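Engineer: Structure provided below as structure tokens; questions to follow.
No value in this document is a laboratory result; all are computed from the given coordinates. Since the model is a prediction, treat every value here as computed from it, not as a measurement. Cβ sites come from the backbone with ideal geometry, for glycine too, and all protein chains shown count toward neighbours.
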Amino acid sequence: MTRLITKDGLKKLQGEFEERKTKVRQEIAQAIKEAKEQGDLSENAEYSEAKRQQAENETRIAQLEVMIKNSEVVERNGNSDCVEIGSFVKVKFNGSEMEFQLVGSNETDPANMKISNESPMGKSFMGKCKGENVSVETPGGKVKYEILEVK
């Protein structure tokens, strides 16, 4: 399944992939080597932990590889006043203003105001333009937003 992603999002995934394949793998291999040198592996907590970390790292490497392979970079049309993946959107709701970036689902980070294009909010904003009003169905009911700026 192809996932849409920004250029920055793809670079971030590729960076994590390379770091895990090189640096993290080497650190874990060193930890396993040191734990083996302690002798009896059956009761060696350091060895067990290093092997767990190794399995976790290899799983994440495989996940990243699939994510990168199945990602399609979306270039934002810089002149558009309409929301698309990569857009920074400034909105007004309930008398408050907020700004978020609409990103691909692999890049979602609500703490940093990066909202997935596949989320209810992201779907509601896709294709909408500056000046439009948008209603988003939330668990607490409908929330109405006014798009103030798209960049």
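Engineer: Would you check if there is a residue in region 74-93 being surrounded by fewer than 19 Cβ atoms within 10 Å (Cβ to Cβ) and aromatic (Phe, Trp, Tyr)?
Structural biologist: So far as region 74-93 goes, yes, one or more of its residues are surrounded by fewer than 19 Cβ atoms within 10 Å (Cβ to Cβ) and aromatic (Phe, Trp, Tyr).
Engineer: Among the residues of region 79-125, which ones are in a strand (DSSP E or B) and either within 15 Å of Asp8 (Cα to Cα) or among the basic types (Lys, Arg) (or both)? Explain how you work it out, then say what you get.
Structural biologist: Kept after step one, since they are in a strand (DSSP E or B), are these residues of region 79-125: 82, 88-93, 96-103, 109, 114-116.
Across region 79-125, the qualifying residues are Phe88, Lys90, Lys92, Gln101, Leu102, Val103, Asp109, Lys114, Ile115, Ser116.
Engineer: With in contact (Cβ under 8 Å) with a residue 12 or more places away in the chain and either touching a strand residue (DSSP E or B) at 6+ places or on another chain (Cβ under 6 Å) or not in a helix (DSSP H, G or I) (or both) as the only criterion, which of Met67, Met1 stands out? It would help to see each step written out before you state the result.
Structural biologist: Details: Met67 fails: either touching a strand residue (DSSP E or B) at 6+ places or on another chain (Cβ under 6 Å) or not in a helix (DSSP H, G or I) (or both).
On inspection, the qualifying residue turns out to be Met1.
Engineer: Could I ask something else about it? Inside region 44-71, can you point out the residues that are over 24 Å from the mean Cα position of the chain (by Cα), among the aliphatic types (A, V, I, L, M) and surrounded by 16 or more Cβ atoms within 10 Å (Cβ to Cβ)?
Structural biologist: Result: Ala50, single match.
Engineer: Can you name the number of the only condition in (1) basic (Lys, Arg); (2) touching a residue at least 60 places away in the same chain (Cβ under 8 Å); (3) more than 30 Å from Ser135 (Cα to Cα) that Arg25 fails?
Structural biologist: (2)
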